[in-house]
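The structure under discussion appears below in the form of structure tokens.
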Amino acid sequence: MYKQYYAPLPDPGAYLARIGLNPDDYRKALHPELPDSPSAYSAPHTKEALDTLVKAQLYHVPFENLDGYDLRREVSLAIEDIYQKIVVRRRGGYCFELNGLFFALVESLGFECFPVACRVLFEGEFPTIGHRNNIAILEDGKRVTFDVGFGGPAPIGALYLDCDQPQTSGKFTFRIDRSGRNGAFRQVVFNKDGSESPLLMFTDQRFEQVDFVALSAYMTLHVNARFRNERVLNLLREQGSVAMINNTLRIHDDGVLTEIELKTPEERKRAYIEYFGMPAESLTEL
């Protein structure tokens with residue numbers, strides 16, 4: 001009944017190509033020194049290798065909730081369905097889809113990893129669980145958390161989980177704080193004026209893939225859920241990022257913010273194609 005949530009990634013090579021990485025670089029035959037991998041591909045099980053994968057994902061696959069907001073339908077978390085949407089049709093997704101499929105990629109490359117559930121702390125002091133990220137145990141035994149589905153501000157690589165010192169990732173500095181409620185880890189980000197703002201709260205307790213099905217349904221179908229009431233897109237770019245909140249396109253380019261109001265469905269579709277890299281043929285339902 002639940003096997004579809006644990007299915008292996010259909011084609012790790014196609015996924016690597018989708019995020020701009022040469023699949024041949026990961027072929028075990030070319031790198032016999034690499035750790036064993038469940039697939040024909042592998043990568044060193046190091047933070048540096050994981051950082052490369054995370055950054056590539058964030059620069060190529062947009063965060064987007066068009067299925068829930070525009071089409072008013074529940075998204076599927078079955079691995080095959082997410083793979084078809086993100087890799088084959090070159091769409092994006094939101095946290096449960098993005099982190100679910102990326103987890104399958106990392107696992108296919110031989111990393112030891114497991115998912116965890118999170119509370120998004122800027123939504124309240126102790127909000128409902130509404131996000132997932134992942135924890136990996138590296139070949140040196142150190143644990144890191146990695147997340148490709150938060151939007152922003154967010155790390156562009158993995159963060160050491162058991163380190164309480166500031167960690168710089170991209171343009172921001174983060175810290176894992178273990179003083180949260182019930183001893184939960186708390187990830188915080190330094191904002192531009194130097195003060196800390198809490199982002200996520202999670203424990204290091206392993207969750208199962210199937211645990212996110214009901215949570216995802218709530219986030220897309222419940223009358224009060226954010227992703228039912230607000231269109232949200234985001235994608236990193238070399239010069240900054242591009243985002244859309246409802247009908248407002250926000251382009252961050254070398255520190256300069258430009259906002260464009262998109263008044264019609266046609267204008268929004270053009271933005272999805274031009275700024276978020278989604279092909280026209282994947283947007284016919286919108």
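The values are calculated or read from the model by the stated rules, or taken from the named source; none is laboratory data. Since this is a predicted model, take the numbers as computed values, not measurements. Cβ: placed from backbone, ideal geometry, glycine included. Neighbour counts: every protein chain shown. Ligands, DNA and RNA are stripped out before the accessible areas are found, and what is left, the full protein with its side chains, is counted by its heavy atoms. Shrake-Rupley method; radii C 1.70, N 1.55, O 1.52, S 1.80 Å.
See the values below:
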| read-out | value |
| --- | --- |
| Residue count, the stretch 218-236 (criterion: within 18 Å of the chain's Cα centre (by Cα), hydroxyl-bearing (S, T, Y) and open to solvent by 70 Å² or more (accessible area, probe 1.4 Å)) | 0 |
| Filter pass, I82 being touching a strand residue (DSSP E or B) at 6+ places or on another chain (Cβ under 7 Å) and in contact (Cβ under 8 Å) with a residue 60 or more places away in the chain | no |
| Complete set of residues in the stretch 237-258 that are open to solvent by less than 40 Å² (accessible area, probe 1.4 Å), farther than 19 Å from C95 by Cα and small (G, A, S) | G240 |
| Members of the stretch 12-50 that are touching a strand residue (DSSP E or B) at 6+ places or on another chain (Cβ under 8 Å) and either of a type in the set (V, I, T) or surrounded by fewer than 21 Cβ atoms within 10 Å (Cβ to Cβ) (or both) | G13, P23, R27, K28, A40, K47 |
| Candidate set: the stretch 272-286, residues that are part of a helix (DSSP H, G or I) and more than 17 Å from H60 (Cβ to Cβ); chosen: the one least open to solvent (accessible area, probe 1.4 Å) | A280 |
| Contacts under 8 angstrom Cβ, first residue in the stretch 261-286 being closer than 22 Å to R237 by Cβ, partner of a type in the set (D, E, K, R) and assigned to a helix (DSSP H, G or I), 6 or more apart | L262/R268; A280/K269; L283/K269 |
| Scope the stretch 136-174; condition closer than 25 Å to R226 by Cα, touching a helix residue (DSSP H, G or I) at 6+ places or on another chain (Cβ under 6 Å) and of a type in the set (A, V, I, L, M); matching residues | V148, I156 |
| Any hit, the stretch 101-110, residues being in a helix (DSSP H, G or I) and in contact with a Gly (Cβ under 7 Å, 6 or more places away or on another chain) | no |
| Meets criteria (open to solvent by less than 10 Å² (accessible area, probe 1.4 Å), assigned to a helix (DSSP H, G or I), on the phi < 0 side of the Ramachandran plot and of a type outside the set (G, A, S)) for F122 | no |
| Residues of the stretch 1-23 that turn out to be touching a helix residue (DSSP H, G or I) at 6+ places or on another chain (Cβ under 6 Å), touching a residue at least 12 places away in the same chain (Cβ under 8 Å) and assigned to a helix (DSSP H, G or I), as a count | 7 |
| Top-ranked residue of the stretch 173-197 - restricted to ones that are at pLDDT below 85 and within 15 Å of D147 (Cβ to Cβ), ranked as most open to solvent (accessible area, probe 1.4 Å) | R186 |
| Number of the exception - R250 against (1) charged (D, E, K, R); (2) within 16 Å of D70 (Cβ to Cβ); (3) without any contact (Cβ under 8 Å) to a residue 12 or more places away in the chain; (4) in contact with an Asp or Glu (Cβ under 9 Å, 6 or more places away or on another chain) | (2) |
| Among residues of the stretch 131-150, those that are surrounded by fewer than 20 Cβ atoms within 10 Å (Cβ to Cβ) and either touching a residue at least 40 places away in the same chain (Cβ under 8 Å) or not in a loop (DSSP other than H, G, I, E, B) (or both), counted | 5 |
| Qualifying helices (runs of 4 or more DSSP H) (wholly inside the stretch 42-98; at least 1 residues being within 17 Å of the chain's Cα centre (by Cα) and under 14 Å from L286 (Cβ atoms)) | 66-69 |
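Residue by residue, here is whether (1) at negative phi; (2) modelled with pLDDT under 95; (3) of a type outside the set (A, V, I, L, M, F, W, C) holds:
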position: L21; (1), (2), (3): yes, no, no
position: P35; (1), (2), (3): yes, yes, yes
position: K47; (1), (2), (3): yes, no, yes
position: T52; (1), (2), (3): yes, no, yes
position: E74; (1), (2), (3): yes, yes, yes
position: Y83; (1), (2), (3): yes, no, yes
position: G92; (1), (2), (3): yes, no, yes
position: L98; (1), (2), (3): yes, no, no
